[in-house]
Amino acid sequence: MSALNCFHCGLPVPRGSRHSVLVNGTEQPMCCPGCAAVAGAIVAGGLDNFYRYRDTRNERPEPAAAERDPWAPYNLPDVQQQFVSEWDNGCRIAALLIGGISCAACVWLIEKHLGAVDGVLKVSVNASTQRAQIAYDPERVVPSQLFAALTRIGYRPAPATAAASEQLLQRERRAALRRLGVAGLGTMQVMMFAIALYFGASSGIDTGLERYLRWVSLLVATPVVLYAARPFFSAALRSLRGGQLSMDVPVSLAIGLAYGASFYATVYNTGDVYFESISMFTFFLLLGRSVEMRARHRAGLASGGLAQLLPLTAARLCRDNAIENVPVAALQPGDRILLRAGDTSAADGEVEEGESGVDESLLSGEAALQAKAPGSRVFAGSVNGDSALVVRVTAAGKSTRLSAIERLVERAQLEKPRQVAMADRLAGYFVGAVLLAALGAFAVWWQIDSGRAFWVALSVLVVTCPCALSLATPAALAAASLRLQQFGLLVAGGQLLETLPRLTRAVFDKTGTLTLGEPRVQQVRPLREGWSEARILAVAAALESRSNHPLERAFRTVPGALRAEKLNTVTGRGIEGVIDGCDYRLGRADFAAAAAPAIPQDAGQWLLLGDCDGPLAWIGLGDQLRPSAAKAVAELRSAGLEVELLSGDQSGEVARLAAAAGIERYHSGASPEDKLVHLQTLQQRGERVLMVGDGLNDVPVLSGADASVAMLSAADLARARADAILLGGDLRVLPRAVALARRCRAIVRQNLLWALGYNALALPLAVCGLVPPWAAAIGMSASSLVVVLNAVRLSRSAGAGPAGAAATAGSVQPGN
């Protein structure tokens with residue numbers, strides 16, 4: 001780029017212009033304030049790579065518009081590509097990072113505030129990752145209005161990119177550590193002075209020394225209140241500005257009132273001071289929130305944007321096999337890329353050359369390397385482990401399976417579980433009740449002992465802060481969702497963890513769900529002497545070698561070097577060709593031979609192989625049961641669920657596969673309408689049904705089931721209607737998920753019982769004046785820590801494997 005041209009729009013830079021922006025570590029010239037504002041916003045949002053990979057120069061913005069609205073650059077289509085995606089019916093979803101979230105009440109405030117903006121359809125904020133998913137109508141609202149609305153209530157929005165997310169987490173960690181250090185140091189110092197004051201009050205102390213110790217305590221406690229406790233005051237102000245009551249309101253009142261009263265007592269040398277209680281309260285509260293923050297960050301790093309795991313560039317092979325490094329965004333279907341050992345695949349594709357083991361744990365949850373050879377599929381985000389592979393790209397960018405999974409995650413984040421919404425409402429009401437209780441305690445104690453009234457009311461404010469109540473449910477659900485993802489089950493519906501513990505029946509589709517979904521050769525029955533099974537299969541494989549018919553996959557693994565010529569496919573009947581000068585046909589009996597023998601009565605699909613002289617052999621094809629199917633069915637039964645098979649297949653395969661999987665109840669020949677009617681009949685009988693399917697014919701029943709799981713290979717519409725996606729083919733994940741959901745329900749109940757029980761016990765004691773402010777601070781912080789640590793246990797539960805999970809599931813029966 002010439003130094004005389006604007007780095008943003010490419011127009012000449014006027015003489016004497018001093019406008020420039022630091023982009024990718026280099027100071028770049030700008031022609032006007034408008035370009036400088038747009039480029040500055042792009043860089044501030046962590047979108048520097050936009051300039052590296054753009055195809056054309058950008059238009060020059062209107063300077064007046066950029067100066068009038070600092071968020072206007074985020075309305076540019078090129079910039080929106082980084083954080084805005086399409087949703088339903090022409091609407092869009094904006095993914096934002098929001099700095100300044102300090103507790104669960106912030107989530108509620110942001111959702112309420114943005115939800116009131118005209119054109120915003122749905123808002124979901126994830127406190128674990130500090131990401132917001134905002135569904136909006138682009139005809140009624142633009143991204144700059146969303147940024148401005150968040151800024152008005154004191155938050156710091158930015159596009160949700162990998163770089164911006166990491167910067168936000170680092171800033172939050174550093175700020176939390178600094179504030180915790182100031183509070184801890186201040187608490188230790190002021191406690192030393194408090195001990196001297198306590199002993200002096202009981203044994204006598206010089207008045208001048210007492211005043212000196214009070215002033216020193218004031219000086220030490222002031223940074224604790226004004227700096228370390230600042231997030232509480234900021235969050236409370238945002239809450240009140242939004243017309244809501246958050247848990248930071250009573251906390252801020254307690255700290256502010258105690259500091260104000262102690263300040264007054266110090267200046268006028270009257271009454272008691274509680275600088276040590278203020279510092280201790282702030283320290284323990286910050287300590288509890290630091291533990292919560294670490295848990296949030298771990299969850300965020302594990303379940304944050306999946307696409308950020310892709311490399312920025314890929315090694316593309318030219319026609320002469322020369323290697324060129326190109327941006328991932330430049331990859332197109334048909335390109336050939338080289339995956340060296342240790343490389344992460346940037347696109348979906350099919351192996352053309354090489355053999356290697358590939359780590360697909362990101363997609364399937366399976367830690368073992370998956371063997372790949374020519375013809376095998378490779379997915380974006382998988383890591384090549386052994387040796388180099390040449391892969392032909394079949395899907396790139398937003399068309400990859402990884403991007404599809406991320407869109408499902410974003411859709412799930414737009415749904416807030418009913419338990420979390422209920423806990424948020426309950427916490428809001430509880431804050432109001434706490435304030436009324438503190439006011440009532442003050443009024444009563446003013447009549448009993450006016451000197452203690454203020455401090456009793458202060459203890460009531462502190463000890464009953466509903467932090468633990470607000471954390472009880474979301475902490476457990478976040479830990480459980482993360483664990484399910486580690487199992488290989490991606491939660492795409494917010495209500496899944498609430499529904500799984502209440503299930504009474506699991507219904508499976510057959511093809512592609514209970515089975516692998518690919519035909520396999522089950523039997524070979526020669527009809528002519530001298531023809532071995534190997535020779536029959538070699539001829540059939542040669543005939544199917546160039547076919548696009550689904551049955552061709554049954555013969556891919558057949559060894560042989562026969563080559564067929566003059567191949568001709570007869571739609572609906574079969575295929576014919578010439579091998580070593582002889583004509584062969586494979587397909588329906590009346591097509592393969594003029595005088596066909598009777599079709600075998602065994603289950604499966606039977607193809608007849610014939611030549612000019614008549615029939616040669618029957619080849620029986622059938623779908624193969626997933627290796628994990630029988631164990632999964634047994635474990636679901638051990639967990640108390642009835643299991644049945646519901647298939648649209650009318651052949652005897654349904655009965656055979658049901659018996660092989662250990663399923664006693666099965667239905668064959670069911671149309672999509674029949675499946676839905678059957679489901680509704682079960683539900684009318686009081687059953688709560690889990691549906692597992694993968695095809696378009698399963699979409700109605702997946703939508704109508706109480707809980708639904710789609711296979712990763714399912715049709716797009718089926719995945720969109722499911723509550724969860726099974727990332728690997730291991731069906732044993734399902735009983736593990738049921739066991740984990742039941743454990744999650746138990747822990748949520750434990751947390752709520754603890755939070756409510758603690759407040760029910762602590763409130764009367766505080767009202768009676770039996771809890772001093774310093775003890776209230778410790779009790780409130782300890783209560784929040786207990787809730788968080790109890791929820792974290794879920795991230796390590798059911799880890800022994802499916803068998804262990806089934807045993808856990810079996811100990812808890814389904815119910816309400």
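Quick look at the values:
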read-out	value
Stretch gain in nm, segment ARG520-GLU664, where the contour uses 0.36 nm per residue and the Cα spacing is subtracted	49.4 nm
Residue-span extension gain [ILE448 to LEU219] - 0.36 nm each, minus C-alpha spacing	79.1 nm
Euclidean distance of C-alpha centroids, the range 482-533 and the range 189-256, integer Å	62
Sites ARG553 and GLN170, calculated FRET efficiency, Cβ-Cβ separation with R0 56 Å, nearest 0.05	0.70
Efficiency of FRET from Cβ geometry, ASN568 and ASP118, R₀ 60 Å, rounded to 0.05	0.45
Net charge of Cβ neighbours under 13 Å - reference GLY581; Lys, Arg +1; Asp, Glu -1	-2
The range 76-154 - percent relative contact order, Cα under 8 Å, separation 6 or more	30
In Hz, Karplus ³J(HN,Hα) per residue of the range 260-273 (6.51, -1.76, 1.60; θ = phi - 60°; x = Gly, Pro)	x, 5, 5, 4, 4, 5, 6, 5, 9, 6, 8, x, 9, 10
Residues with amide H under 5 Å from that of THR515, placed H, sequence gap 5 or more	ARG626
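No lab work stands behind these numbers, since they all come straight from the coordinates. None of the values given here were measured: they were computed from a predicted structure. Using ideal geometry, Cβ is built from the backbone for each residue, glycine included, and neighbour counts are taken over all protein chains shown.
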